[in-house]
Amino acid sequence: MAEEKNTNTESTAKKGISEEKLEIIVALLLGITAILTAWASWIGSLHGGNQATNYTRSNNLSATGNSMYNEASQNYMQDMLVWNQISDYLFDIEIAKTNGRSAEAALIEEKVDTLINDNCSEKFAEAINWALEQEEYVTPFDKDGFVDGYYTEANQTLDEANALLEEGRTDNANGDAYGLVSVIYSLALFLLGIVGIFKKIPNRLLITIFAAVILVIATIYMCTIPLPTGFSLTSFFVR
């Protein structure tokens, strides 16, 4: 009877996969899945670190940019006050010249020159000269791009802050995606872990195939998720 059972077992093994081979396949899949799970968790944590860094840098740059914007607005208002004062002097010069008071006009012109030299930036002085060269009355602030020039640096800083914020959001989404991959890998690990409780090899094989399909799908999905910005394995070993 014992010989007959052994003969039946051998014939069954020849017809399909043997129990030993199935156990080896399950062990390999367990090892691969465990490694991939660790990889997905690690990359997800790196994305989380980049997210926190980008958010922090974005907040700092936003605060700096807003401060620069407020300072630019103050400079703009101060220059407007200076121009109003210059305009008054220019009007007084015209009156003095009209009435033949050349000495008084020259004195006021010196005041204008002193006011420009002491209170105007180089760009503002150029805009004033441009305004004075026009046939019709215009102000320096009518010059194309002059007013926008006050806020150029502030806007550049705020744009950089917004770009970092978007990078942080991208890192957040990628980190969540890697977290989902880890969950899927955990499901595959669970299925591979319960293969042994089934007595019949066809049932074991079915669970193993199902787990392998999940493993492949999760791996394909993970390959579509970008790695963290500037990621390099060699950077963790070479200092």
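Figures for the structure shown
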item	result
Failed condition for GLY193, given (1) among the small types (Gly, Ala, Ser); (2) surrounded by 20 or more Cβ atoms within 10 Å (Cβ to Cβ); (3) more than 14 Å from SER45 (Cα to Cα)	(2)
Considering residues of the range 140-157 that are in contact with a helix residue (DSSP H, G or I) (Cβ under 6 Å, 6 or more places away or on another chain) and either at pLDDT below 85 or assigned to a loop (DSSP other than H, G, I, E, B) (or both) only, the residue nearest to VAL82 (Cα to Cα)	LYS143
Complete set of residues in the range 218-234 that are surrounded by fewer than 18 Cβ atoms within 10 Å (Cβ to Cβ) and hydrophobic (A, V, I, L, M, F, W, C)	ILE220, CYS223, LEU227, PHE231, LEU233
Those residues of the range 88-137 which are outside any loop (DSSP other than H, G, I, E, B), surrounded by fewer than 14 Cβ atoms within 10 Å (Cβ to Cβ), within 49 Å of the chain's Cα centre (by Cα) and among the polar types (S, T, N, Q), in sequence order	THR114, ASN117, ASN129
Filter result for TYR76 (aromatic (Phe, Trp, Tyr), touching a Leu at 6+ places or on another chain (Cβ under 9 Å) and assigned to a helix (DSSP H, G or I))	no
Residue in the range 53-69 that is farther than 30 Å from ILE217 by Cα and either more than 35 Å from the chain's Cα centre (by Cα) or not in a helix (DSSP H, G or I) (or both) present	no
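Quick grid of which residues meet (1) closer than 18 Å to LEU36 by Cβ; (2) among the polar types (S, T, N, Q); (3) outside any helix (DSSP H, G or I); (4) under 24 Å from the mean Cα position of the chain (by Cα):
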| position | (1), (2), (3), (4) |
| --- | --- |
| ASP159 | no, no, no, yes |
| LEU164 | no, no, no, yes |
| ASP171 | no, no, no, yes |
| ALA177 | yes, no, no, yes |
| TYR185 | yes, no, no, no |
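To keep it simple, each residue is scored yes or no on (1) surrounded by fewer than 18 Cβ atoms within 10 Å (Cβ to Cβ); (2) not in a helix (DSSP H, G or I).
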residue	(1), (2)
LYS199	yes, yes
THR208	no, no
VAL213	yes, no
VAL216	yes, no
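The values are calculated or read from the model by the stated rules, or taken from the named source; none is laboratory data. Just so you know, these numbers come straight off a predicted model, no measurement behind them. Because the Cβ atoms are built from the backbone with ideal geometry, glycine has one as well, and the counts that use them run over all protein chains shown.
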